[in-house]
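The values are calculated or read from the model by the stated rules, or taken from the named source; none is laboratory data. Everything numeric in this text was worked out from a predicted model, so none of it was measured. No Cβ is skipped: glycine too gets one built from the backbone with ideal geometry, and neighbour counts run over all protein chains shown.
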Amino acid sequence: MSNRVKMRLLPQDERNKNFEEVACGYTETEALAEANRCLNCVNMPCVSGCPVNIMIPHFITKIKARDFEGAYEIIKESNNFPAICGRVCPQESQCEAKCIRGIKQEPVAIGRLERFVADHHQRTNEIKEFKKNGIKVAVIGSGPSGLSCAGELAKAGFEVDIYEALHKPGGVLVYGIPEFRLPKKIVEDEIEDLKQLGVRIMTNMVVGRVSTINELRDQGYKAIYIATGAGLPKFMNIPNENLNGVYTANEYLTRVNLMKAYEDDASTPIYHGKEVVVVGGGNVAMDAARCALRMKANSVTVVYRRSSNELPARAEEVEHAKEEGIKFAFLSNPIAIIGNNDHQVKGIKCIKMKLSSPDESGRQRPVEILDSEFVINCDMVIMAIGTTPNPLMKMTITELEFNKWGGMIIDENGMTNMLGVYAGGDAVTGAATVIKAMQAGKIAANSIIASFT
Ligand code: FAD
Ligand code: SF4
């Protein structure tokens, strides 16, 4: 059988001017054709590649039989947010990397099939009743990790309250990942499903400021799950990072995505760079670059210190970015930002790099090439070189243990050194992936459930 069924995309010269979703999803015919490429392998290697162990061949078999609702039920047993994961999971390095079909041809497009099933599902407003056990649990942070933990607990009968610092729930799913990759309506719908399980979400609640962990305990919460993410941006510590026109990707994406700065009547100010440089090579860098293009930049260049082979961003996003006209300066590292007399960015000075022996991450270490400096003229620089866990928990809960990168230390059950206080997601691992954050939420939820049975 031939290669995988391609996903239709919005035309390149149209999509880089608006925030509409780029990937259009499979039609029924396309989904059936792709599902029929699955060999229904007995040992199911793809399942072991999925961090939440979705029974992949089982749901694909249901698609083949046109039982799309049955497929949805199977996915939902392991994953509360299939419409999100079908869109943003790095399947190429997870389930699809293990697919037997992939040995000789392209692997089965598992993520696209997951998205098809989730999009096909008809939502109802039916409130799902679970037998309540009367035990209250507080979840701090409403990103994928907190939401996943809350969903599992609610299904087991716990009374779950989520405390979220921002005015909208969803974490990076709403403030980081842009509309053209993950429409916010999808996130809202999946969160609505969670509310139907009985989960309550309190927004504008910065735990550590409005209440402490001990105060939450005093309110009757028998367990607490901390999923506050990794929202503290890193800087390069090069000259002039404080010039006007230098943004962190966090701030830029929050203004564009959460505050909808692309709408004419948006209440948030944003600088519209014409010649934009984005520093970094991950998903965040790709998102920032593609947003800048849609915010009417004339040119956007991604500066990355390694080569294209080491780019950590999802392969599909890199491909889409290139198609849209994003330029790349590989093996290049910024050494200073250059400003004009008005303290506004007018360029970025970089140096050429070459790859040397592998570093502790196993990737080849980039080293500078002597006398190879060059300048890229630009009026805006977006730093997307990584983030570390939000420091507020560390500042306000002195009993909690943290590692040297600011991540909370947990045991194999997801519990911190404080009895009954669990943690997971980016707040523990540093910036990772949606599905890993969800997996951590599930592990903690199962531990909490076990501790009360
Ligand atoms: P978050 O999603 O960060 O959620 C944490 C939540 O806690 C936030 O809502 C925050 O406001 C809240 N919070 C923080 N402090 C407090 C407090 N004191 N009190 C109350 N609430 C608090 N991963 C992928 O798998 N695929 C992708 O394509 C992808 N693209 C990405 C693009 C961008 C721009 C970014 C930034 C990340 C991307 N990631 C991607 C990574 C992924 O989104 C994260 O790994 C994941 O969201 C982590 O989930 P989390 O729940 O641990 O934290
Ligand atoms: Fe189907 Fe690939 Fe999983 Fe085999 S490994 S069951 S072909 S998805």
I'd like to check something: does segment 176-195 contain any residue that is in the same structural domain as VAL434 (by TED's automatic domain parsing), away from ligand 2 (no atom under 16 Å from the Cβ), under 25 Å from SER451 (Cα atoms) and not aliphatic (A, V, I, L, M)? yes
Across (1) within 15 Å of ligand 1 (Cβ to nearest atom); (2) surrounded by fewer than 20 Cβ atoms within 10 Å (Cβ to Cβ); (3) not β-branched (Val, Ile, Thr), TYR247 clears everything bar (2)
With (1) closer than 30 Å to GLU129 by Cβ; (2) at pLDDT below 95; (3) in contact with a Phe, Trp or Tyr (Cβ under 9 Å, 6 or more places away or on another chain) as the list, and VAL210 as the residue in question, which single condition is left unmet? (1)
Pull out all pairs, ordered by first then second residue, where Cβ-Cβ is under 8 Å, the residues are six or more apart or on different chains, the first lies in segment 90-117 and is at negative phi, and the second is basic (Lys, Arg) and within 16 Å of ligand 1 (Cβ to nearest atom). PRO90/ARG314; GLU92/ARG314; GLY111/ARG87; ARG115/ARG87
Hey, among LYS17, LYS6, which residue is surrounded by fewer than 16 Cβ atoms within 10 Å (Cβ to Cβ) and touching a residue at least 40 places away in the same chain (Cβ under 8 Å)? LYS17
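Looking at ALA292, ALA313, ALA288, which one is within 16 Å of ligand 1 (Cβ to nearest atom), assigned to a loop (DSSP other than H, G, I, E, B) and either of a type in the set (A, V, I, L, M) or in the same structural domain as THR433 (by TED's automatic domain parsing) (or both)?
After applying the criteria, what remains is ALA313.
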The one condition PHE68 fails out of (1) of a type outside the set (Val, Ile, Thr); (2) buried (at least 18 other Cβ atoms within 10 Å of the Cβ); (3) within 18 Å of CYS46 (Cβ to Cβ) is (3)
Subset of segment 217-229 [surrounded by fewer than 18 Cβ atoms within 10 Å (Cβ to Cβ) and in a strand (DSSP E or B)]: LYS222
Quick one: which helices (runs of 4 or more DSSP H) sit completely within segment 51-95 and have at least 2 residues that are more than 16 Å from ligand 2 (Cβ to nearest atom) and within 21 Å of LEU194 (Cβ to Cβ)? 68-78, 82-88
I need the helices (runs of 4 or more DSSP H) fully contained in segment 366-453, keeping only those with at least 1 residues that are more than 16 Å from ligand 1 (Cβ to nearest atom) and closer than 30 Å to LYS136 by Cα. 434-451
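Name every residue in segment 1-39 that is within 16 Å of ligand 2 (Cβ to nearest atom) and charged (D, E, K, R), in order of residue number.
Within segment 1-39, ARG4, GLU34, ARG37 meet the criteria.
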So which of ILE409, ILE448 is modelled with pLDDT of 95 or more and either more than 24 Å from the chain's Cα centre (by Cα) or within 16 Å of ligand 2 (Cβ to nearest atom) (or both)? ILE448
Considering only segment 317-350, how many residues are charged (D, E, K, R), within 24 Å of VAL88 (Cβ to Cβ) and in contact (Cβ under 8 Å) with a residue 60 or more places away in the chain? 3
One residue is enough: does segment 195-216 have a residue meeting the conditions touching a residue at least 24 places away in the same chain (Cβ under 8 Å), more than 21 Å from HIS167 (Cα to Cα) and in a strand (DSSP E or B)? no
For segment 163-173, which residues satisfy the criterion of being touching a helix residue (DSSP H, G or I) at 6+ places or on another chain (Cβ under 7 Å) and buried (at least 22 other Cβ atoms within 10 Å of the Cβ)? PRO169, GLY170, GLY171, LEU173
Find all pairs meeting these conditions: Cβ atoms under 7 angstrom apart; at least six residues apart or on different chains; first residue within segment 52-79 and under 16 Å from HIS121 (Cβ atoms); second residue acidic (Asp, Glu). ILE75/GLU114
Unique match (being assigned by TED's automatic domain parsing to the domain that holds CYS149, among the β-branched types (Val, Ile, Thr) and surrounded by 12 or more Cβ atoms within 10 Å (Cβ to Cβ)) among ILE376, ILE338, ILE410: ILE410
Can you name the residue in segment 86-100 that is aliphatic (A, V, I, L, M) and in contact with a Leu (Cβ under 7 Å, 6 or more places away or on another chain) and is also farthest from ligand 1 (Cβ to nearest atom) among such residues? ILE100
